[in-house]
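Here is the structure we will look at, set down as structure tokens.
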Amino acid sequence: MDYQWDFGPVLRNLPLFLEGLAQTVRLSATAIAGGLAVGLALALMRLSGRRWLAWPAVAVIEFFRSTPPLVHLFWVFYALPILAGISLTPFLAAAIALSVQSGAFFAEVYRAGIVSVERGQWEAGRALGMRRGALMRRIVLPQALRRMVAPFVERAFELVKTTALAATLSYGELLYQAMVVVSRSFRPLEVYTAVAVIFFVLLFSASLVMRWVEARLSRGERR
Amino acid sequence: MTGAAILRTEGLHKRFGDLHVLRGIDLRVAEGERIAILGSSGSGKSTLLRCLNFMELPSAGRVFFHDRPVGTEETRGGATAVRYRERDLAALRRRVGMVFQSFNLFPHMTALENVMEGPLTVLRRGRGEAAAAARRQLARVGLEDRADEYPARLSGGQQQRVAIARALAMEPEVMLFDEPTSSLDPELVGEVLGVIKALAEEGRTMLLVTHELGFAYHVASRVLFLHEGRILEEGPPERLMKAPREERLRTFLARFSEFSF
């Protein structure tokens, strides 16, 4: 074991890594936002009590939960142009694929949260004359969201790590930049260690922030 | 009969699967009436109340609000069924207040926000107007100084008084009380009954499902005794509770006086 560690190439290419980090954050933020929206829509469809809405939602959720995200990326990026004539940039393709894929998981988190709100809360809202939209927006979702924070964060972390797959579409996120640096420097050990450290710092600081947010939210409820 | 009928039911039935809970209820609630509904558990008294604002949909029979039937009759393939649209039910519930046994305050809102919620969201009042009205309602139930507390910081009795204020804020024409004191510690029952009694004295129309026989006796203008999903006996409280005709009602009343001293 006399490997000579040399982080020189990593340091010399720091701007590339920072650019990659910025793109990873950009893609993650877009996919999380998209995933939360898609997930809410799927969950509301599934809980609507209308079969023609619920069944397609269940199909989408089960399909994306049971197939690998890499396939979704390839499908959106390579198959859409052929089948639908829609050509997408790697960023857009990755953002769409990851939004829908994570939306399928987020939908289940939403659903669990919504269903966990006690029947009495729904009844109290209805008894005031609220209709379904107001009931969801004012009574059910605010309570459900507080209970969903922890599982949401869990899924969001999973999603941030999944964005590394976008490297396969030549999208210039962190892993892609790392591969570029490796091909120049032939220092894969150092480069991928650096990638791991960057991901760790990113997600660990996010986790600290979310812990603080969660503590504040539960303070508001005072149950 | 006094006054115009606000609520009326005709041949109301409710089934939960094989369980036939209501077996034909004909009831007329005139303006200003205070109706206490008595009956042992499983007699259908809560279900009857919950059918009046459609927390439960009737299996058969109709509910009339100001003599207009709620829901629309639709004939499909020879069979006639009543269809209850969410819009129609919401419109009815806006004018019929309900207070639940388990309070059901919104835990993510303060007492004031709970009371404001109906006027704000359903009646689309302005925030300032809704807040001022909510403070008046809280004052009415003696809780103006707890306006900014979250429900978890209030006692059961206080929570139920906020729930009553929340229902009153909609300025309903009828109030439905579904065992409002049954989940309260005995020493907290009085404060809630006090509030309901004050409402009764204002001449408010109300229906009250309760096990507080003394309260029913003093506050109700009419008492119904439900047994196995039917109104077995009804009348003014003095007559019904002091000289019950039905054997079932006599046994029911006797069970309550067993330990009086």
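Highest mean first, the peptides A:136-148, A:71-83, A:204-216 sorted by other C-beta atoms within 10 Å per residue fall in the order A:136-148, A:71-83, A:204-216.
Computed from phi, the 3J(HN,Hα) profile of the range A:37-43 under the Karplus parametrisation 6.51, -1.76, 1.60 (θ = phi - 60°) reads 5, 4, x, 5, 4, 4, 5 Hz, with x in place of Gly and Pro. Once C-alpha pairs closer than 8 Å and six or more residues apart are averaged by separation and normalised to the residue number of chain A, the relative contact order reads 30 percent.
Using the Cα centre of the range A:1-160 as the reference point, and only Cβ charges (+1 on K/R, -1 on D/E), how large is the resulting charge dipole? Debye, rounded to the nearest 20. Before the final figure, lay out the partial values.
Values: 16 positive and 9 negative charges, 232 e Å.
For the range A:1-160, the charge dipole is close to 1120 debye.
Rounded to the nearest 100, the interface formed by chains A and B buries 2200 square angstrom of accessible surface, both chains summed, with a 1.4 Å probe.
Projecting the Cα atoms of A:Phe106, A:Tyr176, A:Leu217 onto the charge dipole of the range A:15-221, computed from C-beta unit charges around the Cα centre, puts A:Leu217 farthest toward the positive end. Sequentially through the range A:181-188, phi angles give Karplus couplings (6.51, -1.76, 1.60; θ = phi - 60°) of 5, 4, 5, 8, 9, 6, 10, x Hz, Gly and Pro residues having no value and appearing as x. The Cα-based radius of gyration of the range A:15-221, divided by its Kirkwood radius, gives an Rg/Rh of 1.05. Counting Cβ atoms of other protein chains within 10 Å of each residue's Cβ and taking the mean over peptide B:159-172 gives 1. When peptides A:170-183, A:8-21 are ranked by their average number of other Cβ atoms within 10 Å per residue, the highest-first order is A:170-183, A:8-21.
The residue among A:Phe7, A:Phe199, A:Ala93 whose Cα reaches farthest toward the positive pole of the charge dipole of chain A, with charges on the beta-carbon of Lys, Arg, Asp and Glu, is A:Ala93.
Relative contact order of chain B: 25 percent, from C-alpha pairs under 8 Å at least 6 residues apart in sequence. Couplings 3J(HN,Hα) for the range B:219-233, derived from phi with the Karplus relation 6.51 cos²θ - 1.76 cosθ + 1.60 (θ = phi - 60°), are 9, 6, 9, 8, 10, 10, 10, 9, 9, 6, x, 10, 7, 7, 7 Hz, where x marks Gly and Pro.
Might you report the magnitude of the Cβ-based charge dipole of chain B about its Cα centre, with Lys and Arg at +1 and Asp and Glu at -1, to the nearest 20 debye?
For this selection, approximately 600 debye.
How large is the dipole of the protein assembly as shown about the Cα centre if only Lys and Arg carry +1 and Asp and Glu carry -1, each at its Cβ, rounded to the nearest 20 debye?
Computed about the Cα centre, the dipole is about 800 debye.
I'd like the distance separating the alpha-carbon centroids of the range B:104-134 and the range A:157-223, in whole Å. With the range B:104-134 and the range A:157-223 each reduced to a Cα centre, they are spaced 43 Å. Accessible area of the range A:15-221 with a 1.4 Å probe: how many percent of it is carbon plus sulfur? Carbon plus sulfur share of accessible area: 69 percent. Fully extending the segment from B:Arg83 to B:Arg248 would add 55.8 nm, taking 0.36 nm per residue of separation and subtracting the current Cα-Cα distance.
The values are calculated or read from the model by the stated rules, or taken from the named source; none is laboratory data. Being a predicted model, the structure only gives us computed values, none of them experimental. Glycine gets a Cβ as well: all are built from the backbone with ideal geometry, and neighbour counts include every protein chain shown. Side chains included, ligands, DNA and RNA excluded: accessible areas come from the protein's heavy atoms. Shrake-Rupley method; radii C 1.70, N 1.55, O 1.52, S 1.80 Å.
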